[in-house]
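Contents: one structure, followed by commentary.
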Amino acid sequence: MRVLVVEDDKNLRDQLASALGDAGYTVDTADNGEDGQFLGETEPYDLAILDLGLPKVDGLSVLKAWRKEGRTMPVLILSARDRWSEKVEGLDLGANDYVTKPFHMAELLARVRANVRRQTDHRSSMLEVGDLQLNSATGQVSVNGVPVKLTAYQYKVLDYLMHHAGRIVSRAELTEKIYAQDHERDSNTIEVFIGILRRKIGTDRIITEKGLGYRLIDPAEHK
Amino acid sequence: MIDRIAGVGARFRDLVRRSLAARLLTIALASIVGLVAGGVIAYDQFNRQMLRLLIDPELSAVTDNLLGNAMPGLAGEVALRDVPYDPRYTQPLSGRYYQIARIGDDGVLAVQFRSPSLFGADLALSEELRSQLTAPDATLAAQFFNVTGPDAEPLRLMARVQEIPNLEGRYLFLVGVDPRAVLAPAAALVGLAFALFVAFCAIMVAAASALQVRIGLEPLRDLRRDIASVRRGDLEKLADVYPAELQPVAEELNALVNHNREVVERARRHVGNLAHALKTPIAVLKNAANHETGGDAAILRQSVEEMETFVERQLRRARVAARAEAGAGAQAPTIAYRTPVLRNLEDLIFMMEQKYDTQKPVDIVLESEGDVTFRGEREDLLEMASNLIDNACKYGRSSVIVRLVRPAAEPALFEIVVEDDGPGLSDADIARAMTRGARLDEAAPGQGLGLSILRETVDLYAGDLLFERSVLGGLKARLRLPATD
């Protein structure tokens with residue numbers, strides 16, 4: 001899996017490259033916005049880590065250019081400028097996640113993992129259960145045509161449930177699938193994700209089967 | 001007395017300088033004075049013309065009559081074959097007179113015949129007039145003068161120097177008529193007509209200037225209202241709707257507001273650059289420290305942690321101070337900023353979901369009855385709201401409720417209520433957090449970091465920050481901020 005790192009600080013760039021390399025990714029790096037933009041437009045990456053304060057072309061402009069060119073790879077913004085308006089703007093421009101400097105490398109790797117898998121898990125690009133759609137090529141989820149914003153983990157939970165639509169999925173199974181490579185998790189967090197998803201896609205789509213787990217259904221068929 | 005006039009003059013000049021209405025009314029007043037003066041001059045001129053038209057023909061006729069009837073008398077003096085028929089020339093001091101005098105060699109006038117109305121008196125001439133008329137080379141043409149009559153009345157006088165057949169020397173024929181007698185019947189009517197006309201014009205000028213003040217100055221009142229709207233944040237900037245004379249003022253004001261925003265923006269960007277410059281090496285240090293093992297690594301990690309906390313705090317402080325440093329003053333954020341709240345809260349909440357995604361998922365519910373507009377800057381709104389929501393996520397177990405409320409009782413306010421299901425604060429800590437200027441830094445390191453800076457921003461908007469116990473079990477923060485329509 002190929003990851004692009006655009007960061008102007010040499011030390012941090014080397015640290016990121018070696019940490020990502022150790023985690024099994026193939027890493028390309030760029031030390032300015034212009035080169036970063038060019039690489040992102042010409043090479044197929046599974047994820048890009050983009051610093052906001054870059055020489056030549058700033059990070060937000062690079063992101064804007066990529067999205068305009070139709071590049072849909074997940075972009076993780078690395079920001080030391082902790083202005084909220086900039087973060088929100090990055091999000092509006094199509095960034096998938098952001099990490100504020102200084103950060104813990106483990107945390108960054110977890111996010112990279114979560115975001116990378118979002119697009120490479122499945123060959124079939126479109127999943128549909130009733131009017132609930134998930135496009136794994138672009139990472140877009142929509143209900144009845146209206147897009148829904150999901151975080152990487154929320155997306156993973158929904159993705160798994162949709163792949164096993166109509167079947168009961170146990171909490172343990174979900175926890176194992178979602179957190180496969182991460183630290184041990186409290187299974188309570190799955191409950192929280194289910195709550196968030198219900199709120200975002202509609203409460204009647206995910207049924208709790210007492211003592212067994214969850215089942216994703218098409219509410220139109222279960223009238 | 002002079003001092004008093006000077007004082008009044010100065011006060012008047014001051015009034016004109018301070019009031020456009022006074023300025024316009026002064027011009028109107030001057031116009032009216034000019035109009036009245038013009039009316040008086042016109043009236044006078046009118047009377048003169050009337051004299052010429054009504055009286056001069058009579059004077060000529062009477063003179064011609066006298067000339068035609070003049071003949072040598074028995075004693076070598078002038079006599080009249082026939083006196084003019086008009087009886088008014090016989091009534092004493094009637095205002096109509098004639099007189100024939102012989103001009104002596106030395107220019108002395110010897111009156112030889114006078115109308116009975118003169119009652120024995122002479123038609124007196126000023127010395128200047130007399131010498132002009134009796135000069136050897138005096139004209140023989142008719143001349144007209146205005147003199148004073150025997151009854152002290154004004155007199156229109158016609159003089160003619162003529163020789164009489166069979167008599168030696170030159171004779172001066174004078175005929176005079178009191179114009180009042182001629183003009184009297186029409187004078188009252190004409191005077192009234194003039195007075196009415198002038199009064200009518202004056203009233204029209206006064207009315208026009210009153211309308212000028214009311215209608216002509218209307219755009220100024222509009223501009224004032226719109227500037228107030230910009231200040232309140234109801235308008236983003238002044239529109240392009242003013243008269244050509246005022247549009248430059250509106251544009252200058254827009255430029256000023258923009259400049260103000262840019263100065264603040266520049267100061268903020270500077271802090272942003274500083275943050276970038278400081279935090280990137282800290283990130284490097286932190287990662288390097290985490291890689292190392294052993295006793296030194298622990299010390300390094302701790303130092304980096306302390307550095308990070310310190311830099312974080314100083315940068316946030318600098319960001320808040322950026323505005324003040326920009327010279328914009330405490331009122332700056334309330335000028336011309338409008339920020340829709342709901343969309344920004346949605347974005348912010350999604351970012352919080354992302355932030356806590358890998359650590360511990362938090363279900364952040366946003367409840368609102370509709371959007372409101374914050375009378376202030378987006379950066380500040382995001383700063384304040386993120387502070388509260390971040391804390392709620394940090395201390396809550398898994399559930400946070402963010403509520404956007406517009407209290408019916410206070411339409412100029414809105415409230416962002418943030419509740420969590422965490423352990424919350426003790427009553428004593430809540431009381432302490434509510435105290436102005438309080439810092440909970442010592443009490444709860446994470447929570448305390450932002451509180452005093454948050455408070456500064458809230459104060460900047462004359463807002464309010466209240467803490468209560470939440471029904472969810474944790475802390476309930478109520479952020480009250482100014483709203484606009």
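The values are calculated or read from the model by the stated rules, or taken from the named source; none is laboratory data. Since the model is a prediction, treat every value here as computed from it, not as a measurement. Every residue, glycine as well, gets a Cβ built from its backbone with ideal geometry; the counts of neighbours run over all protein chains shown. Ligands, DNA and RNA are excluded from the accessible area calculation, which covers all protein heavy atoms including side chains. Shrake-Rupley method; radii C 1.70, N 1.55, O 1.52, S 1.80 Å.
Which residue pairs have Cβ atoms closer than 7 Å, lie 6 or more positions apart in sequence or on different chains, and pair a first residue in the range A:1-16 that is open to solvent by 10 Å² or more (accessible area, probe 1.4 Å) with a second residue that is part of a helix (DSSP H, G or I)?
Once the first residue is open to solvent by 10 Å² or more (accessible area, probe 1.4 Å) and sits in the range A:1-16, its partners that are part of a helix (DSSP H, G or I) give A:MET1/A:VAL116; A:MET1/A:THR120; A:ASP9/B:THR280; A:ASP9/B:VAL284; A:ASN11/B:VAL284; A:GLN15/B:VAL284; A:GLN15/B:ASN287.
Where in the range B:1-117 are the helices (runs of 4 or more DSSP H), entirely inside, with at least 3 residues that are touching a residue at least 60 places away in the same chain (Cβ under 8 Å)?
B:20-54, B:56-69
Can you name the residue in the range A:45-84 that is surrounded by fewer than 19 Cβ atoms within 10 Å (Cβ to Cβ) and small (Gly, Ala, Ser) and, of all such residues, is nearest to the chain's Cα centre (by Cα)?
Filtering the range A:45-84 for residues that are surrounded by fewer than 19 Cβ atoms within 10 Å (Cβ to Cβ) and small (Gly, Ala, Ser), the one nearest to the chain's Cα centre (by Cα) comes out as A:GLY70.
Which of the residues that make up the range B:391-413 are in contact with a helix residue (DSSP H, G or I) (Cβ under 7 Å, 6 or more places away or on another chain) and crowded, with 20+ Cβ neighbours inside 10 Å?
Correct list: B:ASN391, B:CYS393, B:SER398, B:VAL400, B:VAL402.
On the basis of being over 34 Å from the mean Cα position of the chain (by Cα), under 20 Å from B:ASN47 (Cβ atoms) and open to solvent by less than 40 Å² (accessible area, probe 1.4 Å), does B:GLY169 make the cut?
Judged against the criteria, B:GLY169 is not a match.
Quick grid of which residues meet (1) in contact with a strand residue (DSSP E or B) (Cβ under 8 Å, 6 or more places away or on another chain); (2) modelled with pLDDT of 85 or more; (3) closer than 14 Å to B:PRO361 by Cα:
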position: A:LEU109; (1), (2), (3): no, yes, no
position: A:MET126; (1), (2), (3): yes, no, no
position: A:LEU134; (1), (2), (3): yes, yes, no
position: A:GLU191; (1), (2), (3): no, yes, yes
position: A:ARG205; (1), (2), (3): yes, yes, no
position: A:PRO219; (1), (2), (3): no, no, no
position: A:LYS223; (1), (2), (3): no, no, no
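Quick check on B:ILE430: is it touching a Lys or Arg at 6+ places or on another chain (Cβ under 9 Å), assigned by TED's automatic domain parsing to the domain that holds B:MET384 and at pLDDT 80 or above?
Yes, satisfied.
Collect the residues in the range B:269-290 that are farther than 18 Å from A:LEU16 by Cβ and surrounded by 21 or more Cβ atoms within 10 Å (Cβ to Cβ), keeping them in residue-number order.
Within the range B:269-290, B:VAL271, B:GLY272, B:ALA275 qualify.
Return only the number of the condition from (1) within 25 Å of B:PHE350 (Cβ to Cβ); (2) polar (S, T, N, Q); (3) open to solvent by less than 70 Å² (accessible area, probe 1.4 Å) that A:ASN144 does not satisfy.
The one condition A:ASN144 does not meet is (3).
Any residue at all in the range B:360-367 that is open to solvent by less than 20 Å² (accessible area, probe 1.4 Å) and away from chain A (no Cβ under 11 Å)?
No, there is no match, as no residue in the range B:360-367 is open to solvent by less than 20 Å² (accessible area, probe 1.4 Å) and away from chain A (no Cβ under 11 Å).
I need a count of the residues in the range B:313-340 that are within 13 Å of chain A (Cβ to nearest Cβ), modelled with pLDDT of 80 or more and crowded, with 16+ Cβ neighbours inside 10 Å.
Of the residues in the range B:313-340, 2 are within 13 Å of chain A (Cβ to nearest Cβ), modelled with pLDDT of 80 or more and crowded, with 16+ Cβ neighbours inside 10 Å.
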